[in-house]
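Structure, as structure tokens:
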Amino acid sequence: MVNLLALQSTVRTDYDRFFWILVIVCGSVATAIAVFLIYSAWRYRRRDPDELPSQVAVNVPAESLWIGIPCLIFIGMFLYGAKLYFDIERAPDNAEVVYVEAKQWMWKLQHENGIREINALHVPVGRAIRLEMISQDVIHSFYVPAFRIKQDVLPGRYTSIWFEVTKPGTYHLFCAEFCGTNHSQMRGWVYALEPGDYNRWLQQGGDEGSLADTGEKLFHQFACANCHHFAGHGPGPNLVGLYGSTVKLEDGSSTVADDAYLRRHILTPAGLTVEGFHSSIMPTYQGQLNEEELIALIAYIKSLGPRPPEGVGNPADNSANQSTPQLGATPPNQSPASLQSQGKQGGR
């Protein structure tokens with residue numbers, strides 16, 4: 001049953017408060033200006049054709065108040081809005097990630113443990129949920145009115161939004177961007193469950209294992225291990241601990257190895273090669289991988305554990321070790337079983 005009264009999420013209270021502050025302040029200012037205009041038109045109307053008004057060159061107190069008070073009010077509103085914006089845009093570090101793929105005309109969602117949903121999203125109450133979203137075709141917009149969240153979903157670029165439900169219920173999910181003929185039918189439901197109920201639902205698992213498991217299969221299917229050896233002796237950089245680190249590129253610039261960087265590097269590696277490696281080695285997988293497969297590959301790279309010890313996988317050691325590559329070698333000080341365990345933990 002749809003919960004119409006308990007429209008609750010952690011950002012809802014601040015969002016609604018800010019909305020009503022804007023309505024009250026702007027409405028009050030507009031009303032005051034209208035009243036003053038009407039009063040001035042009546043009070044200072046011309047009563048005689050030959051009447052001349054008194055000339056006032058400047059009124060410093062009046063002008064100071066007229067400039068100062070609105071300035072302080074609107075600066076305060078800006079600061080409040082900026083704080084709320086950053087709170088909404090920055091997900092907690094411990095947020096559970098759900099991947100969203102939009103397409104005409106449905107929402108495809110996948111949890112890190114591999115469970116897939118279409119036009120439905122199951123989430124636990126009291127836990128932060130971060131949505132990593134991308135579109136397969138045109139611009140869509142992920143909109144849950146009850147949670148006061150709306151985020152455009154773009155083709156070729158990841159966007160994200162987060163929320164935390166505070167009360168169980170069933171909530172409407174819409175596409176808020178006109179995306180084609182059946183735009184009005186692109187809707188679904190968010191099911192907010194108590195933690196115990198959610199854990200029981202989550203235990204059904206995915207048919208093909210976690211996202212990281214699927215990504216590992218693709219990693220070997222496309223022979224990525226031929227270059228990206230976990231022991232750091234291949235012609236490509238070691239991917240262990242890559243995600244979230246700062247990468248220095250061959251053009252001298254630096255970037256963070258996040259989802260967007262990994263996606264671009266897999267599809268169009270030109271200009272994104274890591275310093276010390278040859279740009280011509282990495283092929284492009286444009287047209288060979290769909291968005292779901294890209295998400296799975298990135299999830300696998302995320303699951304590869306902490307950064308290796310200093311010196312392991314150093315590009316400077318490449319030339320000396322390329323003659324004895326170790327295909328599929330495990331990270332230093334880790335057994336294959338522990339690496340597989342890490343991959344599964346990263347997919348939960």
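The values are calculated or read from the model by the stated rules, or taken from the named source; none is laboratory data. Being a predicted model, the structure only gives us computed values, none of them experimental. With ideal geometry, Cβ positions are generated from the backbone for all residues, glycine too; neighbour counts draw on all protein chains shown. For the accessible areas, the whole protein counts, side chains as well, though only heavy atoms, and no ligand, DNA or RNA atoms are used. Shrake-Rupley method; radii C 1.70, N 1.55, O 1.52, S 1.80 Å.
Quick notes
- Using a simple spin-label model with pseudo-atoms 7 Å out from Cα toward Cβ, Glu63 and Asn290 lie 6.7 nm apart.
- The stretch 1-146 - accessible surface per residue (Å², probe 1.4 Å): 64
- Heavy-atom surface of the stretch 242-306, accessible at 1.4 Å and reported per residue (Å²): 45
- Apolar share of the accessible surface for the stretch 100-254: 48 percent from carbon plus sulfur atoms, 1.4 Å probe.
- Aspartates and glutamates with Cα under 17 Å of Lys248, excluding same-chain neighbours fewer than 8 positions away: Asp258, Asp259, Glu275, Glu310, Asp317
- Accessible surface of Ser254, taken over heavy atoms with a 1.4 Å probe and every protein chain present, rounds to 80 Å².
- Whichever lysines have a C-alpha closer than 27 Å to that of Lys167, once near sequence neighbours (fewer than 8 apart) are set aside: Lys83, Lys108, Lys150
- Heavy-atom SASA rank of Thr170, Thr10 (probe 1.4 Å, accessible area, largest first): Thr10, Thr170
- Summing charges over all other residues whose Cβ lies under 14 Å from the Cβ of Ile24, with Lys and Arg as +1 and Asp and Glu as -1, gives 0.
- Each part reduced to its alpha carbon centroid, the stretch 111-149 and the stretch 30-44 end up 50 Å apart.
- Loop GluC sites (Glu not before Pro), the stretch 145-231, which have at most 16 other Cβ atoms in a 10 Å radius of their Cβ (DSSP): Glu208
- Computed FRET value (nearest 0.05) for Ile38 with Asp16, which takes r as the C-beta separation and R₀ as 45 Å: 0.90
- Counting Lys and Arg as +1 and Asp and Glu as -1 over every other residue whose Cβ lies under 10 Å from the Cβ of Trp107, the net charge comes to +1.
- Accessible surface ranking for His220, His278, His265, His140, 1.4 angstrom probe, highest first: His278, His220, His265, His140.
- Against the criterion of solvent-accessible heavy-atom surface with a 1.4 angstrom probe, Asp213, Asp152 sort, most first, into Asp152, Asp213.
- The alpha carbon gyration tensor of the stretch 136-228 gives principal lengths a ≥ b ≥ c with a/c of 1.5 or higher and a/b no greater than b/c, which makes the shape oblate.
- Bridges between two residues of the stretch 61-190, per DSSP, are antiparallel at a rate of about 70%.
- Three-way shape label, the stretch 62-218, alpha-carbon gyration tensor, a/c 1.5: prolate
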